Amino acid sequence: MFEMKCTQPAIRGGGIDVTSLNFNSSLHTEIRDRLSIEPSPQTRGFFEMPISRVLFYLPPPTRNPVLQQRRTAVYGKRTTDNDAPPDAASQSSTSRTRKRRRRDVPRSLLEEMPAEVVQLIFEYSTNVDLPLTSTLMARKLRKSAYLQRQLTDRLLDPVLGFEDATQTAPHAVLTDATRLLNSRFMTFGFFQAWLQSRSAFTSVASGGDQSSAEPTWSTKWSALCPSPGLLPPDKLLRSPFSADKVGFLKVFADQMNNIVERDPAYGEIAYEGLMHAIQEQQLDVVTILLSLGLRPSTELLRVAVTEAGCDEDLVRLLAGHVEPEDSVDLLDPVLWAWAEKARANGNAKGDWLIAFLRELQR
């Protein structure tokens, strides 16, 4: 509530003489301009009047025939038996009127500013609740680097600092952290910048040796002691696998032994990703996914042979992770049929695969 000095208002059907108001700020001037009431030359003595009293003297709303017609088009009118159903033209007019009514909602001065200016104000204000004030503000601030850093600190801090591997963060906290890592803005470049700033702070606080060789991203992440229950973002387990995605996945893979045991749903996603990586002959991705506890299968061997061109390094990599308890059929008819056909066509890979399968059976 703020006070405005004004003269006694001259009442004209509830109107007020706004020209006699003593506005001492640009905000008051804006209010006076927005009132847009017909001025009156009649004035009386000065007195203090709060803005609530000024608004009290505003004229009561009157029915405008044009607006009444629009209101009828939007909300409809009382129907009778003689009323015909609305045609397509009236429905289109109703739709346009509704859109116009939504667009006519007044916006604050902050909402009218360009997104770049709003983001700058947001960064200086350090008010993380600002995006919650309206949908428009949320859209303008969703790409704010400051907001992204604040969210990352707020959601990842509770899952860091677990030096005891037997302890873990609460499930809800772990879920929020994984959802953050799955966010669209959480790219490997953003994560590297955030991790670099946290690593530098940790190194200075602990008096670390700055002259030593630059550690890997996996080492920097491990130094923060993430909770053992933290799952990697599942977007890193899905194809296509870019260089950034592979590097990002490796950071989390080095901290995890068996993703299948921690979350079977993640195991299924990782298995599909492994199959796509085999089809695309991405040995680095196959190596990382196998290190997460995924087991080779007859189906994966078939894909490596029949769809990936029987790359020797790829087939050896899969076979090297086969354990006695794994249900891998080394006598699979599909594998042997491909090998026999390749040898008949003069393909050296046919002879190599036959010899390799026989070696595995010994």
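Scanning the stretch 145-196 for residues that are of a type in the set (Lys, Arg), surrounded by 15 or more Cβ atoms within 10 Å (Cβ to Cβ) and closer than 15 Å to ASP244 by Cβ yields a count of 0. When residues in the stretch 223-251 are screened for being within 24 Å of LEU283 (Cβ to Cβ) and of a type in the set (Ser, Thr, Tyr), 2 of them pass.
Of all residues in the stretch 330-362, those satisfying the criterion of being more than 22 Å from GLN281 (Cα to Cα) and acidic (Asp, Glu) are GLU340, GLU359. Only one entry in LYS235, LYS220 is modelled with pLDDT of 90 or more and surrounded by fewer than 16 Cβ atoms within 10 Å (Cβ to Cβ), namely LYS235.
Among the residues of the stretch 244-282, those identified as polar (S, T, N, Q), in a loop (DSSP other than H, G, I, E, B) and surrounded by fewer than 19 Cβ atoms within 10 Å (Cβ to Cβ) are GLN255, ASN257, ASN258, GLN281. In the stretch 184-191, the count of residues that are free of Cβ contacts under 8 Å to residues at least 40 places away in the same chain, more than 16 Å from PHE252 (Cα to Cα) and within 17 Å of the chain's Cα centre (by Cα) is one or more.
Within the stretch 145-199, the set of residues being modelled with pLDDT under 90, of a type in the set (Gly, Ala, Ser), part of a helix (DSSP H, G or I) and over 16 Å from SER218 (Cα atoms) comprises just one member, ALA145. Each residue in the stretch 114-130 was checked for being at pLDDT 85 or above and surrounded by 14 or more Cβ atoms within 10 Å (Cβ to Cβ), and 0 of them qualify.
The values are calculated or read from the model by the stated rules, or taken from the named source; none is laboratory data. Remember, it's a predicted structure, so these values are computed and weren't measured experimentally. Counting neighbours? That spans all protein chains shown, and the Cβs are built from the backbone with ideal geometry, glycine included.
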